[in-house]
Amino acid sequence: MRSTLTGQLLKYLLISMIIVLIIQTGLYGILFVSPTALTGFDGLFLLILYAYLFLVIAILVMYVIWMYKVHKDIHELNSYYPVTAMTSLPLLIIPIVNLFGIGRVHNQIAKFYRRQPSTAHLHKPIVRHLIFWYILILMMHQLTRYLSANSVTFDLYIIQNIGYLIVNVLILRGTIFINTGLNTLFDVVSKQGKQVIKKNDGLV
């Protein structure tokens with residue numbers, strides 16, 4: 001499959017981000033208990049900040065590349081699939097458009113999996129994680145705006161970090177569901193042929 005390598009790289013990047021957020025949350029927890037406990041550790045905070053910024057950019061780029069290749073793989077299974085690899089790009093990249101585009105892309109994949117007996121069980125988990133992701137992203141956006149405009153204590157930064165930690169866990173689990181579905185379908189096709197893959201009835 002075209003998406004296997006990028007899917008693995010995205011998985012490792014997300015795990016790295018989760019580790020960075022856990023470390024950062026722990027440091028904020030120490031500062032919340034004792035504001036002077038980490039005096040002289042400015043370099044550590046700077047290193048974590050650079051790691052965080054690098055991972056944000058790397059995850060965004062790798063996610064788009066991965067989704068492009070996922071759609072290539074899906075079209076190899078079903079040429080009638082309504083979202084092509086090229087049309088998935090503006091849905092994921094263009095600001096404002098991607099507010100609904102991300103949901104459309106993932107929902108179409110979930111519908112496609114629901115149509116296949118071997119992957120039907122993945123439909124609900126993908127949709128649930130997508131809904132939780134949208135809700136949490138909205139909440140984190142509002143919290144970040146509040147933190148930017150007000151002087152706050154470390155407890156709110158801890159809450160913010162926990163929120164972003166959950167966001168990354170949701171993305172990680174979502175990628176695992178999608179990768180699992182593709183692996184399953186390609187295994188089925190290799191054993192039984194493409195005729196087992198149902199066409200686009202009910203996908204649009």
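Computed from the coordinates by the stated procedures, all read-outs in this text should not be read as laboratory data. Keep in mind that what you see is a predicted model, and the values were worked out from it rather than measured. Here the Cβ is made from the backbone with ideal geometry for all residues, glycine too, and neighbour counts use every protein chain on show.
Just one of the numbered conditions (1) farther than 16 Å from Arg2 by Cβ; (2) surrounded by fewer than 18 Cβ atoms within 10 Å (Cβ to Cβ) is not true of His106; which one?
(2)
Looking at Pro125, Pro82, Pro117, which one is outside any helix (DSSP H, G or I), touching a residue at least 12 places away in the same chain (Cβ under 8 Å) and either at positive phi or not β-branched (Val, Ile, Thr) (or both)?
On the way: Pro125 fails: outside any helix (DSSP H, G or I); Pro117 fails: touching a residue at least 12 places away in the same chain (Cβ under 8 Å).
Just one listed residue meets the conditions, Pro82.
Quick one: is Pro95 outside any helix (DSSP H, G or I) and free of Cβ contacts under 8 Å to residues at least 12 places away in the same chain?
On the way: outside any helix (DSSP H, G or I): yes; free of Cβ contacts under 8 Å to residues at least 12 places away in the same chain: yes.
So Pro95 passes the test.
Of everything in the stretch 19-57, what is under 30 Å from Asp73 (Cα atoms) and surrounded by 17 or more Cβ atoms within 10 Å (Cβ to Cβ)? Give them in sequence order.
Leu55 - this is the single residue of the stretch 19-57 that is under 30 Å from Asp73 (Cα atoms) and surrounded by 17 or more Cβ atoms within 10 Å (Cβ to Cβ).
Can you tell which of Met67, Met62, Met86 is among the hydrophobic types (A, V, I, L, M, F, W, C), under 30 Å from Val188 (Cβ atoms) and surrounded by fewer than 17 Cβ atoms within 10 Å (Cβ to Cβ)? Please lay out each step first, then the result.
Details: Met67 fails: surrounded by fewer than 17 Cβ atoms within 10 Å (Cβ to Cβ); Met62 fails: surrounded by fewer than 17 Cβ atoms within 10 Å (Cβ to Cβ).
Of Met67, Met62, Met86, the one residue that is among the hydrophobic types (A, V, I, L, M, F, W, C), under 30 Å from Val188 (Cβ atoms) and surrounded by fewer than 17 Cβ atoms within 10 Å (Cβ to Cβ) is Met86.
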